[in-house]
Structure formats: structure tokens, C-alpha cells
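A quick write-up on the structure given underneath.
The values are calculated or read from the model by the stated rules, or taken from the named source; none is laboratory data. Note that the structure is predicted; figures quoted are calculated from it, not measured. All Cβ positions, glycine included, derive from the backbone under ideal geometry; neighbour counts span all protein chains shown.
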Amino acid sequence: MLQPQQPAPPIIVLEGVTKRFPGIVANDRVDLAIRAGEVHVLLGENGAGKSTLIGMLSGLQQPDGGRILIDGKEIAIRSPSHALSLGIGTVFQHNMLVPTLTVAENLALGGPWWQRPKIAELSVRVAEIARPLGIEINLSAQVSELSLGEQQQVEIVRALLRDSRVLILDEATSMLTPQGAAELGALMRRLVERGLAVVFITHKLGEAADFGDRVSVLKLGRKVGDIAPERLGALGREALVDEIVTLMFGRQADGDAVSIPPRAANDDTLLEVRDLNVASVSDAPALEAISFKVGRGEILGIAGIDGNGQKQLAEALAGQLSASSGSVILAGERFDGLDVGGRRRKGLRYLTDDRLGEGTVGTFPVSINYFLKQIGDPPLWRSGMERTREIEGRARELTRQFDVRTPGVATPIGRLSGGNIQKVLIARELADGAQAVIFNKPTYGLDLANTLATRQRIRDIAGQGLAVLLISTDLEELLSMCHRIAVISQGRIVGTVENGEGAGERVGRLMIGLAA
Amino acid sequence: MTDNTSPATSRAVDVVAAEPVGREIGRRLLITLGPILISLVLAGGVLVAVGVDPLAYYGLVVERGLLSPLGLQQTLTRMAPLLFIAAGLIVAFRAGMWNLGGDGQFLLGAVSAAASAPFLVQALPGWLALFAAFLIATAVAMVWSLVPALLRAYQGVNEIITTLMMSFLGVSLANVLVKLVFLDPGTTVPQTRTLAVADRLPRLFETTITSGLVFGLVAIVVVHLMMTRTAFGLRLRIVGANPRAAVHAGLDVPLLTVAVFAISAGLVGMGGAIDIIGIQGNVRADWNPAYGLAVIPVVFLARMNGFAAIGFVFLLSVLSIGGESAARRLGVPQHFTLVLISIVLITLAIAEYLDNRLNQARRA
């Protein structure tokens, strides 16, 4: 059934491409080859580095390391217009059309500014391009009147009008109905039949299996797997999904050993959550009837695909987000109505995943960042006045104790690496009477050494008898240290699995919506 | 044979070589003073273009604003309200809130003080009357800031727009109050009752300098210490530097927002009060010195540092007092002072940008 094809030379080759942002390695030595006549699926969760990769291909960002070769020649893609002139067209996740203009006007945008747009010429070309693809485009319609799917078709045609050889579709199905997604799949098929290369970015496994000729899986900035067309054709859909699940959530060679800390003798429930409900806000899902218990010295993992309410759960527990009903109970004490500061003082600590965005103030010194959550409290402040010597002394103590590598405690924390910022956050949250600690994606964006060190730190915390709630999208991480793993999906806990033999598979199935 | 011993792993992964301190200070001076000189040349070019000898203009400004004893006393007196305004802006800007409504707050404070002080001195001992007028002015300015404060705190409405709009309203309202409500029936000119010179704030020693200068200096130093040394100031700076971190750390951001506006507007209102009970004695209709807008660039030049702001406020006073004299003598419009300050600010910003680019290029 599958024609053995002469492998055409790839149009774009990425060799060891690396991109760093402050505190985070977004792409770590990624290799990729994009060939004509292939739908190349880039699969990965939020934060896996897909968008950064697309940003570099479309000229929005420049790589910090590695090379990008186009037709075998190394080229720096300087800007989006440069990318277009190289034949790389991108349809971004969020619509880039001007809603108040007509389709024709939108398509004519970007032409020479001293000429009137040649609408007649344009309509001939659009018809040439659109008809063989089975796309109907009404050039005189106003964009705001079109459905999202139709708008996307306009964007695709716009990219083709510029003679694109490579078409990048970033999360193109996220706004579409299932039927719209299927239509887009068929359109991609026709595009590659006409000799284009299509790069299709998604975090949905099913789409990867249905539409792709080749699948590359990204995870935490690294490419962790690649399924070539021959293999993809040979596998059935179910076997394919299984293989992708293994790639996305499975164990890596460089992962650390499984080591579950022993439970303390006194393992009563320390943190309990009962029927917690949080209303949905804009794009964040609502939380529905969340209940769980975490004992002393226990690590409860929260697994799930990113964006299923993990952040809301952490914020609701910490008091940053108000719950519409339900209660949080720590060591027998109900937290109803307590604010962030009150919950922290009672011993509930929350380590955010957004280290620079909300965890720290990047321009402030390391010393102040240790104490952001206890400003004004003695002994570091006395009747509201800062005691610089005490603050710096305590900061130096914590820096030593938690092995933070910093030039000094007066250094702005934004200059530190992600691993060291994370150590500052851990030091802050563990200080003075922590009883239960919520970790949200604690190793996100860290290099391997810091990842392993952070995991060991979490095990030690549990070993000291604290209750740990570990939210992570990295199943391997959860399997390596949790006692139990609860799975969250669309704001609900859909199941809880005891860690042990076969737990990984059961959690993985729960994550993608199958019964355990 | 391969050598397996790897070099000792460096512990100091993040250590950035610290620049020598002396060179750093030299660089700072260069990128501050250089642009000021360039600005003087550029502004001189403007003066030449309108047919005025720039050297004569600058000479007159320095002579009248700084060197002549009377001019210097006027300059120091002018500083009093400006220091209060600078203090108010520092609080707001450091907390990341752009209170551009200074003129409205200033005039409402001034009118409140002008309306209440002449009556209060009849009933209360002198110092208590002035203090009460001062407090009334502060309170009125604070209340005036509530609308933008509440909109920003609870609805996220951009305060740049609301404070500017409220400022237009405030300036007009102050005018209306002077013309209709607090009109002095004893004169034909529309103005408030005049506070007798004897009842105003005492002058310093044997000079014409108002003691309001001392209050202004105290205010700006206190504000500087509050922002840098206290827990409250730190909270405000966190809200300014990273509002999401403030929420994460459990700070009550809406409440702090309202507090920032109240303190900022209150200080600006105090500036208005000081100008009336210390210097002017009354408010004439259509009087609007527009100090609020003039002080904004000064606060930026000082990088929101209170002590630096004292220096720059002094400079602004020299320029404006000297500029007023030069305006009369050479026919250069009084607003040329603002032109000069704006040129300085823009060249400073360009210098800063170039310095950053240079630094990046050096590191790369």
C-alpha cells in the first residue's frame, strides 16, 4: 500500500539547535529534518519547546546554538519576512488576520505600499491555488464573518500565495471542531501531495496518529523520539498511540532511579482537601469536586496533561484563587477564609512553576527574594523597618544551606540560572514551620543535574514527615518518587493509582482519557 | 593514553565578573553629564534659530537663578512645592503606578488651603490653623485620587488615562471654585481671600526663603526612606516590579494600589498647600503653574531616587526662576525651560540605550 519513495533531500535541517531563555532551556540540541511531501508532526505538551522551535523557523527568534540549514546551506533566519522569502510560511495558533478587512484586503497586505492592491490579479491566483485544494474562498467577505476554520484556510492560502515550500501550522486544530480538524487533515494531505512540506504542531496524540507521515516528540525542550514514515505506516493506530504515549510519558535513559522515600511511622492524614470547587475563569478550566488526602511523609503526585487545572488547584490550595466551595484542612485545622499569608503561616507552602513570572522579582537581590513572603515579620523587620544586616546574614545562611550558586546575596535574582532560582524558592518555602508543600512542575526547565537534585530534595522533605503534593506533567518524575498518583483531567480527579508495578501505564491511560 | 581527569568542576557557575567600582562610577557620570552637555548645545541651536544668543540666555539663567542672592532665594523657595510633588511621584512611580494627575491634585490642594486658611487663622492659633489647612488640602487631594485608584485596583483601568482626565477636571473644578465659591468679595479680581503675610509660614532666618523648603526636604527624605527601608515600601516596590509576584506572595494588591494613590496624591496636595500658606497667600482664577507635569521628567532623571531628586528639583528651580527672568529680558518664552528639560531627558534616554547596546555587544 505504501509506495517506497526516493527520499528527497530535506528542505530544512535543524542540527543541535538550542534556545535558552532566562532560567530555562527551551530547546536543547534539537535535530530535525523537514522534507517535501511529508506531514511532519511535532508533538509535545505545553512547555515542551514546540512554540520556540516554530519561533526560530519563522524568524521570530534566533537560536543560541546549533545550525539551521535550508537546502543544505546554513542560513540565519533573520525575520518573519526573511522566513517568507525563504519559502517558510507559518500559520500561527492565534489568528493573524485583520477582522475588519475583507479577505482580499487581508491577502493583499504586505504587498508594496506604493501600489494599489491588484485585486483582480489576486483573485486569479487565489483561484489557481485554492481550487485544486478544494478550498472555497469568498474574496469579498469580511474576515470577521468567516468561521475559524475558514479563516485558517485563508491564512493557508496567504502562505501559499507567497510561494511557500514549507507550511508550518502551529496548534492549528486547537480552535476547530472535530469536523473542522478532520477537514484540515484532508487539506494537509492534499498539500503534501502537491509537493509541499507541512509541519503540524499539536499536543493531541490522536491528531498526530491520524494526520502525520512522520512524528517527532518533544519533551522538556529535547527531542525524545521520532517515528519515521515506514514505521508509522506499519503500525496500526492503536499501536501507534501506544508508542507515542511511551515516548511522551515513558522513561528516559537519563532519568534517575526510582526511589520512593519510606513512610514515617506516624502516617496520619496531614493535608486533606474536600470537595473543592473553583469556577472557571476565561481560558482556565473549572475545578470540580476535588478531594484527596496526603499523609505525613507522603508524596501524592498529580499527573495530567498540562492545562487541565493543575495550576488552578495549586493556587486554590495556596489561597491565591478563591474557591467557590469545599475546604482545605491541614493538621485538622480548616483553612476556610484564610488568605495566602495566613495559610503560609499555618505551614502550607506553594512552590510555583513560574519562577521568574510570579515566584521572584527578577530585579531584586537574592536576599530579598528569600523573604518575599514574610515581609514585615520579625526578626528580619522590626516594627516595619528593614534590618539589612539580619536579612543579609540569614540570606547567606540559606545560600550556604541550600547550595545556591550566586555571586552574592545582593545579586539580582534574575541573573541566576533556573536551577539556582529554584533553590531560592525551595529555601523560601521550607523555612520556618512548613508542614505541607505543593510543588508545581518543580523541575520544569532545569538541566539534568538540577532536576535530580530537586527531586532528591523533595524526597528528603517527605522523609522529614512533611506532606508533599507534587504536580507534574512528567510522568517519569512522578513514578520515580510518589507513593500514590492522582490523575487530573479537565479539572476533575479521574483516578488515583498506587505507585508500583504497571502504575505508569495505568496513569498514562487515565491521562489520555481511557479507563485505568 | 587518554587523560581521564576532568578539570575541577567550577563551583561558581553563575559568577559574573564584577566590574571595577571606579570605572562603573565614571561610566555613570559620563552617560549622565555627556547628554546634558549635548542637550545644552542642541537647545542652544534652537535659541540661535529664534535669534537669541544662547550664551547670553544660559548666562542670564545661571545669573538670575543661581548666582544672584535674590535669585537663589527665589529658587530655593520654588523648590518647596516641587519637592512635595516629586515625593508624591516617587511613591507612585516606584509602585508602578503612573500618577499623571499631579496638576489637578496640586490645584485642588492649593484651593482647599487657600479657602480654609484665612478663616482658620481667625479661630485657631497660627501654627495650628496652617496645619489644619495643610491637612484639609491633603485630604481633598487624596479623595480626588480615589476614582482612578478604585478603577485601577478593582477594574484594571489604566491609570495613565484616568489620572490625566481627572487632572483636566481637577484644574477646571479648582477654577470654578475660585470664581464662584471661594471668591474674595473684597477685590474685583477673581481670587480667594488672601492670607496675610504675617500669618503665612515663617521665612528662614533673614532671607525670603520659605520654611516650606524644610518641610519639602523632610517629605522627600521620609518618602525615600519609606520606599527603601521599610516593609511597606518594599511591598509597594514589589507591586511595581512584578504584580504577579505580589499576588503570589500574598500581598493585598488592590488595597496597596489605593494606598499608593492616596499617598501620592496627598503629597502632591501638600505641595499645593505649601505653595499657598508659605508663598502665594491666595489662588487667583486661571492660575495653573503646571508643576506636576514639569516634575515628572525630573523624577525620571533622578531614577526615582529621593536624594537625587532633590538635586534635580534644584536644577529645575534654577532653570525655571532663571528662565522667567530670561523670558522677560530676552523675549524667550518661559516654556523654553520645559523644552530644555525635555531635550535633556530624550538625550539621556538615547545615551542609556546606546550604553546598553554597547554592553551587550561587549558581552557577546
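Remarks
- Listed here are the helices (runs of 4 or more DSSP H) enclosed by segment B:201-257 that have at least 3 residues being more than 16 Å from B:Met97 (Cα to Cα) and not aliphatic (A, V, I, L, M): B:212-229.
- Test: B:Leu180 is over 26 Å from the mean Cα position of the chain (by Cα) and part of a helix (DSSP H, G or I): yes
- Top-ranked residue in segment A:310-359 [being assigned to a loop (DSSP other than H, G, I, E, B), of a type outside the set (A, V, I, L, M, F, W, C) and more than 9 Å from chain B (Cβ to nearest Cβ); ranked as farthest from the chain's Cα centre (by Cα)]: A:Gly332
- Count of segment A:248-261 residues which are at pLDDT 80 or above and buried (at least 17 other Cβ atoms within 10 Å of the Cβ): 1
- Scan of segment B:183-200 for residues that are in a loop (DSSP other than H, G, I, E, B) and surrounded by 14 or more Cβ atoms within 10 Å (Cβ to Cβ), ordered by number: B:Asp184, B:Pro190, B:Arg193, B:Thr194, B:Leu195, B:Arg200
- Within segment A:447-466, not a single residue is surrounded by fewer than 22 Cβ atoms within 10 Å (Cβ to Cβ), at pLDDT 90 or above and within 18 Å of A:Gly307 (Cα to Cα).
- Residues (on the phi > 0 side of the Ramachandran plot and in contact with a helix residue (DSSP H, G or I) (Cβ under 7 Å, 6 or more places away or on another chain)) located in segment A:358-386: A:Gly376, A:Gly384
- Residue within segment A:378-386 that is within 19 Å of B:His224 (Cα to Cα), part of a loop (DSSP other than H, G, I, E, B) and more than 7 Å from chain B (Cβ to nearest Cβ) present: yes
- Of all residues in segment A:337-351, those that are under 13 Å from A:Glu272 (Cβ atoms) and at pLDDT below 90 total 0.
- Near pairs, Cβ below 6 angstrom, 6+ apart or cross-chain, from segment A:374-395 (in the same structural domain as A:Phe364 (by TED's automatic domain parsing)) to any residue that is of a type in the set (Ser, Thr, Tyr): A:Gly384/B:Thr230; A:Met385/B:Thr230; A:Ile391/A:Ser367; A:Glu392/A:Ser367; A:Ala395/A:Ser367; A:Ala395/A:Tyr370
- Some residue of segment A:15-31 being of a type outside the set (Phe, Trp, Tyr), assigned to a loop (DSSP other than H, G, I, E, B) and touching a Lys or Arg at 6+ places or on another chain (Cβ under 8 Å): yes
- Unmet requirement for A:Arg78, which otherwise passes all of (1) among the charged types (D, E, K, R); (2) more than 26 Å from A:Arg20 (Cα to Cα); (3) not in a helix (DSSP H, G or I): (2)
- Segment B:98-123 residues that are of a type in the set (Val, Ile, Thr), paired with ones that are not in a helix (DSSP H, G or I) (beta carbon under 6 Å, 6 or more apart): B:Val111/B:Val283
- Check on B:Ala259, within 17 Å of B:Glu159 (Cβ to Cβ) and facing chain A (nearest Cβ under 9 Å): no
- Only one of the numbered conditions (1) in a loop (DSSP other than H, G, I, E, B); (2) within 13 Å of chain B (Cβ to nearest Cβ); (3) among the hydrophobic types (A, V, I, L, M, F, W, C) is not met by A:Ala449, and that is (1).
- Test: residue in segment B:69-89 that is crowded, with 17+ Cβ neighbours inside 10 Å, touching a Lys or Arg at 6+ places or on another chain (Cβ under 7 Å) and of a type in the set (Gly, Ala, Ser): yes
- Of all the numbered requirements in (1) within 14 Å of another protein chain (Cβ to nearest Cβ); (2) closer than 30 Å to A:Arg349 by Cα, B:His224 misses one, and that requirement is (2).
- B:Arg357 without any contact (Cβ under 8 Å) to a residue 40 or more places away in the chain, more than 21 Å from B:Phe134 (Cβ to Cβ), of a type in the set (D, E, K, R) and assigned to a helix (DSSP H, G or I): yes
- Considering residues of segment A:411-424 that are crowded, with 20+ Cβ neighbours inside 10 Å, in contact with a Ser or Thr (Cβ under 7 Å, 6 or more places away or on another chain) and within 11 Å of chain B (Cβ to nearest Cβ) only, the residue modelled with the lowest pLDDT: A:Leu416
- Tally of residues being within 10 Å of chain B (Cβ to nearest Cβ) and of a type in the set (Asp, Glu) across segment A:387-410: 1
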